[in-house]
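All remarks here apply to the structure that follows.
The values are calculated or read from the model by the stated rules, or taken from the named source; none is laboratory data. Please read all numbers here as calculations on a predicted model, not as lab measurements. As a convention, Cβ positions derive from the backbone with ideal geometry for all residues, glycine included, and neighbour counts pool all protein chains shown.
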Amino acid sequence: MNKPIAKVSDIIFVRFALRDLEAQAAYLDDFGMRAVKKDAEAIYYRGSGDDAYIYAAQKGEADAYIAAGYEVDTIEELEALAANAGVAIEAGDALMGGQMVRLSDPDGMGIEVYHGVNKSAAIDENVPVLNSGKHKNRVNETQRFGGGADEWSMDGEGNMQYALPSSIMRLGHTALNVKDGPASIKWYHDVLGMIVSDNIIGPDGNVGGAFIRCDNGDMPSDHHTLNVVALPPEAEPFHGTFGHAGFELEKSLDDLMAGHFHMKTSGKYTHEWGIGRHLLGSQLYDYWRDPHGFILEHWTDGDLMTADMPPQDVPIVDVVKGQYGPVPYSSFNMSLPVEAVDEFRDSIPGLTEMIVSAVEGPKG
Ligand SMILES: [Fe+2]
């Protein structure tokens, strides 16, 4: 393997161009982010972690994913990335600060790499203490999440609504649909220093994608900071498209469940997949589609790995089956206008069953 040009230490944000910033801001409020700056031209949202923002959208004529922002620890790495790509080092915007370079991956997906960004003080949150069968950590104390039952109210039409959203801490990863899995895995290693946690082996026995992570040496990194999955030739319109962005929650399971019922009882949004627990990365997950049709994920309790964990080969069925949870729709990881989702799901029913059948065959 080639020595990488740089090693990104983490992902910071995702950036979009969207037609309706007001509708997106309302969604992000419900999804559990905190507005940093909102005007007619752009919106910026943060989590309870120390990143200046974790989600940015600018006003656009069409809805489009623009880029993911990553961070490097040294200016030398930023200079090396700029020299390798033949691009200039630019100043970061007023909120993010620092310096940055703009790159494109093999599918033309945008990447912004930063050094020396502003960090805003993390917002302190109390994390619930959980009791389990064998471990009793809370005695003579009730478990109350948020306002307890006071989070419920009835709207004018007699529907019960749950007020408390999730508390998002940070962006943890993105998933991208690519043309050529091995080419993407190589590029993200050779340029950004990312290493494979799990190679996804397709029904043909070849590597069709991977879950890849940042190489932070002895410092633990998330199991994946990026998931790339190669789609077959007939899915060509989706080559080089955004799959989803996964945001880590502050308070574990209660945060995931509360956020689910907040989104659900609002009656405004399209649910995509969850609640369940992934196999690859182990996260508890819940996916929702935003008003522009892009999928954003709540996750918590993921695996962490140091650089010495070797890559594994895993069958693609492990992606769709997970450990438990609903069977995913065929629309999962497909950026589609919300109004087109039902028709897409109907047009390709049973995608999971098709994958399981191709790899394992039916049982019994
Ligand atoms: Fe995810």
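Of (1) within 18 Å of the chain's Cα centre (by Cα); (2) more than 27 Å from His271 (Cβ to Cβ); (3) crowded, with 22+ Cβ neighbours inside 10 Å, Val101 satisfies all except one. Which?
(1)
Kindly list, by first and then second residue, each pair from a residue in the range 157-176 that is more than 27 Å from Asp303 (Cα to Cα) and at pLDDT below 95 to a residue that is among the charged types (D, E, K, R) and crowded, with 19+ Cβ neighbours inside 10 Å, limited to pairs with Cβ atoms under 8 Å and residues at least 6 apart or on different chains.
none
Identify the single condition in (1) within 12 Å of the ligand (Cβ to nearest atom); (2) of a type outside the set (S, T, N, Q); (3) part of a strand (DSSP E or B); (4) surrounded by 21 or more Cβ atoms within 10 Å (Cβ to Cβ) that Ile200 does not satisfy, given that it satisfies every other one.
Condition not satisfied by Ile200: (1).
Would you confirm, using the coordinates I've provided, whether Phe344 is among the aromatic types (Phe, Trp, Tyr) and surrounded by fewer than 16 Cβ atoms within 10 Å (Cβ to Cβ)?
Spelling it out, Phe344 is indeed among the aromatic types (Phe, Trp, Tyr) and surrounded by fewer than 16 Cβ atoms within 10 Å (Cβ to Cβ).
Could you grab me the full set of residues in the range 236-255 that are within 13 Å of the ligand (Cβ to nearest atom) and among the hydrophobic types (A, V, I, L, M, F, W, C)?
Phe242, Ala245, Phe247, Leu249
Could you tell me whether the range 61-72 includes any residue that is in contact (Cβ under 8 Å) with a residue 40 or more places away in the chain, under 25 Å from Glu250 (Cβ atoms), crowded, with 18+ Cβ neighbours inside 10 Å and of a type in the set (Val, Ile, Thr)?
Looking through the range 61-72, none of the residues is in contact (Cβ under 8 Å) with a residue 40 or more places away in the chain, under 25 Å from Glu250 (Cβ atoms), crowded, with 18+ Cβ neighbours inside 10 Å and of a type in the set (Val, Ile, Thr).
Looking at the structure I just gave you, is Asn227 within 13 Å of the ligand (Cβ to nearest atom), within 25 Å of Ser357 (Cα to Cα), assigned to a strand (DSSP E or B) and of a type in the set (S, T, N, Q)?
Yes: the conditions hold for Asn227.
For the range 233-249, name all the residues that are among the small types (Gly, Ala, Ser) and in contact (Cβ under 8 Å) with a residue 60 or more places away in the chain. Talk me through it step by step, then tell me what you get.
First, the residues of the range 233-249 that are among the small types (Gly, Ala, Ser): 235, 240, 243, 245-246.
Within the range 233-249, Gly240, Gly243, Ala245, Gly246 meet the criteria.
Confirm whether Gly193 is modelled with pLDDT of 95 or more and within 15 Å of the ligand (Cβ to nearest atom).
no
Could you tell me which numbered condition Ser331 fails, if it satisfies all but one of (1) surrounded by fewer than 14 Cβ atoms within 10 Å (Cβ to Cβ); (2) touching a Lys or Arg at 6+ places or on another chain (Cβ under 7 Å)?
Condition (1) is where Ser331 drops out.
Would you please name the residue that is surrounded by the most Cβ atoms within 10 Å (Cβ to Cβ), looking only at residues in the range 110-168 that are in contact with a Gly (Cβ under 6 Å, 6 or more places away or on another chain) and of a type in the set (A, V, I, L, M)?
If we filter the range 110-168 for residues that are in contact with a Gly (Cβ under 6 Å, 6 or more places away or on another chain), which is where we start, we get 112, 114-118, 122, 164-168.
Subset that is of a type in the set (A, V, I, L, M): 117, 122, 164, 168.
Details: Val117: 20, Ala122: 15, Leu164: 19, Ile168: 28.
It comes out as Ile168.
So Pro337 passes all but one of these: (1) within 16 Å of the ligand (Cβ to nearest atom); (2) more than 30 Å from Gly217 (Cβ to Cβ); (3) surrounded by fewer than 19 Cβ atoms within 10 Å (Cβ to Cβ). Which condition number does it fail?
All conditions are met except number (1).
Among the residues of the range 267-299, how many are away from the ligand (no atom under 14 Å from the Cβ), of a type in the set (D, E, K, R) and farther than 20 Å from Arg170 by Cα?
1
Applying the selection to the range 317-351, what residues are at pLDDT 95 or above, under 18 Å from the mean Cα position of the chain (by Cα) and of a type in the set (A, V, I, L, M)?
Met334, Leu336
Having 3 or more residues that are away from the ligand (no atom under 16 Å from the Cβ) and under 30 Å from Leu226 (Cβ atoms) is the bar; report the strands (runs of 3 or more DSSP E) wholly within the range 86-182 that clear it. Break it down stepwise before answering.
Details: elements: 99-104, 110-115, 152-154, 160-162, 168-178.
By residue number, 99-104, 110-115.
Mind checking which residues of the range 203-224 are away from the ligand (no atom under 16 Å from the Cβ) and of a type outside the set (Asp, Glu)?
Passing the criteria: Pro203, Gly205, Asn206, Val207, Gly208, Asn216, Gly217, Met219, Pro220.
If you check Ile123 against the conditions, is it within 20 Å of Glu250 (Cβ to Cβ) and either among the β-branched types (Val, Ile, Thr) or out of contact with any strand residue (DSSP E or B) (no Cβ under 6 Å at 6 or more places or on another chain) (or both)?
When the stated conditions are applied, Ile123 passes them.
Mind counting the residues in the range 16-54 that are surrounded by 20 or more Cβ atoms within 10 Å (Cβ to Cβ) and basic (Lys, Arg)?
1
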